[in-house]
1. For PHE44 and LEU9, compute 0.36 nm times the residue count separating them, minus their Cα-Cα distance, and round to one decimal in nm.
2. I need the phi-derived Karplus couplings for the range 39-47: 6.51 cos²θ - 1.76 cosθ + 1.60, θ = phi - 60°, integer Hz, Gly and Pro marked x.
3. Suppose each label sits 7 Å from its Cα in the direction of the beta carbon; what would the LEU81-ILE130 distance come out to in nanometres?
4. Between ILE237 and LEU101, what's the calculated FRET efficiency when r is the beta-carbon distance and R0 is 30 Å? Round to 0.05.
5. Could you list the chymotrypsin sites (Phe, Trp or Tyr not before Pro) in the range 56-160 that lie in coil according to DSSP, counting only those with at most 15 other Cβ atoms within 10 Å of their Cβ?
6. Compute the separation of the alpha-carbon centres of the range 176-195 and the range 65-102 and state it in Å as a whole number.
7. Quote the FRET efficiency, to the nearest 0.05, computed for SER32 versus SER62 with a Förster distance R0 of 45 Å and r equal to the Cβ-Cβ distance.
8. Expected output is a single nm value to one decimal: the length gained when fully extending between THR177 and TRP226, i.e. 0.36 nm times separation in residues minus the C-alpha distance. What is it?
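What follows is calculated from the coordinates using simple rules that are stated; it is not laboratory data. Owing to the predicted nature of the structure, the values given are computational and were not obtained by experimental measurement. Please note: Cβ atoms are built from the backbone with ideal geometry, for glycine as well, and neighbour counts cover all protein chains shown.
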Amino acid sequence: LIAAILVYLRHNVNALALLQIDVRELLPIDASFFRTFLEVQGGFAFILTVLVAPPLISRDLSNNALPLYLCRPLSRTEYVLGKMTVLVFLLSLVTWVPGLLIFFFQASLAGFGWLGDNLSMIGSIFIGFILWIVLLSLLSLAVSSIVKWRVVASGTLLGMFFIPSAFGAIVNELFVTRLGNLVSMWATINSIWRGLFGLFDRQIETIRDRRLGEIVLSDPPLWASWLVIAVVCALCIWLLSLRVRAYEVIK
């Protein structure tokens, strides 16, 4: 709602005059604007995941319901995808759907010239949010398949994002590096979002250390962030393949 109001005010002279706002004081509607939108809505999507996702698989495991599902013509992959559909639908309503609506709202006010210059942002918004939704869905389902108590599962999800971020900051401080950012899921996905919008900058910085002398620091490369996300998703799929079983069959 706030993003839509900012877009509207930037193109409405009467509203700006009524509110006595200088158009130069408003945020420009560009790649940085939509990247910030991804960060804000991505945070809301994470909160929604913590509230909704923990009981999705844990209830079936605790009530021994998986044999009833898997004895039907339903594979384990289809079962997991069905559970993911719940999260994908809910998270889409607060991520890429409003993001694209705001993009086309801006395009309708700015004209076809702006739309032609920023057409690539459609893919950036969609791919950035879909990647975040898939990551949240796989992480939450993996936790739900391991932890049966909802409160503990919610706390585990929160810890998986906050504890590694703190650990990464400690690593950066102790070893005078920025590679610790790869441990933080939030910092990693933010690097990918900046890359999708063409805003990724390794932010090279030179510092002086009493023991080590002059040190050049730079953010991890973009490919490393993609690799971290791919490894995390692969681990989650592996955990789900171990946990989502009806019975153990011994031949």
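1. Values: separation 35, 0.36 × 35 = 12.60 nm, distance 2.43 nm.
Computed gain between PHE44 and LEU9 is 10.2 nm.
2. 5, 5, 5, x, x, 5, 5, 5, 4
3. Spacing of the two 7 Å Cα→Cβ label points: 1.5 nm.
4. Numbers: r = 32 Å, r/R0 = 1.06.
The calculated FRET efficiency here is 0.40.
5. Values: sites: TYR69, TYR79, PHE89, TRP96, PHE103, PHE104, PHE105, PHE112, TRP114, PHE126, PHE129, TRP132, TRP149; in loops: TRP149.
Sparse-neighbourhood loop chymotrypsin sites (Phe, Trp or Tyr not before Pro): TRP149.
6. 28
7. The pair SER32/SER62 has a calculated efficiency of 0.50.
8. Values: separation 49, 0.36 × 49 = 17.64 nm, distance 1.93 nm.
That works out to 15.7 nm of additional length.
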